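Before any comments, here is the structure.
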Amino acid sequence: MIQVRLWWFCPYKCNFPNSVSRGWCYPPHGWLKFNVSGIASEVALGGGGVLRDDEGIVRALFSSLNDACDIESAKLGAIITALDVFIKIGWKGLGLLIVEIDSKVVYNWISDKTRRPWSQQATFADLEMRIVCVGELSFSLAELNGNEMADTLATVGMSRPCMFKAWW
């Protein structure tokens, strides 16, 4: 069981082996994986993400309220925040990055530029700018329950008054 209160008290305890065994897969040797999620409720949208190394150790996480207007926008916002965290950490060149998302729609938008809705062009311009700053990057679609911790962080983010980011 995930205990949200531990994230704010002891971030190093965020290595939950149970969530790893239910769908999360280790990245290849020398790679890092950022699982991201956007969550929607009737009253709010949230975003969350967790960065793990090739040993499954949590290296960074974030949780926030999202000002998006729909679930796909919330998921795009979570990806942009994940890339911002990676850039801020200064790990460009130190590890290749996989960003794993749980939305086939958003994954298809990223994979095929012709599928992107016109209304999201500004968001995709922001995303492309960050992709250039990250270096070697790959996007993947999460397995069932593969983003459990990111989903929980996104849910918690809906009730946060401000962005929470941490890395170590």
Assertion target for 111, 138, ordered by fewest C-beta neighbours within 10 angstrom first, is 111, 138
List the lysines whose Cα lies under 16 Å from the Cα of residue 92, skipping any in the same chain that are fewer than 8 positions away.
33
Translational diffusion coefficient (Stokes-Einstein; Kirkwood radius from C-alpha pairs) of region 33-167 at 25 °C, 0.890 mPa s, in µm²/s:
168
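Arranged by the count of other C-beta atoms within 10 angstrom, fewest first, what order do 159, 64 take? Walk me through the numbers before you get to the answer.
Details: 159 11, 64 24.
Fewest-to-most Cβ neighbours within 10 Å comes out as 159, 64.
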If exposed means trypsin sites (Lys or Arg not before Pro) lying in a DSSP loop and surrounded by at most 14 other beta carbons within 10 Å, then the longest stretch of the chain lacking such sites spans residues 93-168
For residue 32, distant residues with modelled amide H under 5 Å away
96, 97, 98
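State which stretch of the chain is the longest one without any exposed GluC sites (Glu not before Pro), exposure meaning a DSSP loop state and at most 10 other Cβ atoms within 10 Å.
Details: sites that count: 42, 55.
It runs 56-168.
Computed from the coordinates by the stated procedures, all read-outs in this text should not be read as laboratory data. Note that the structure is predicted; figures quoted are calculated from it, not measured. Neighbour counts are summed over all protein chains in view; Cβ atoms, including those assigned to glycine, are modelled from backbone coordinates with ideal geometry.
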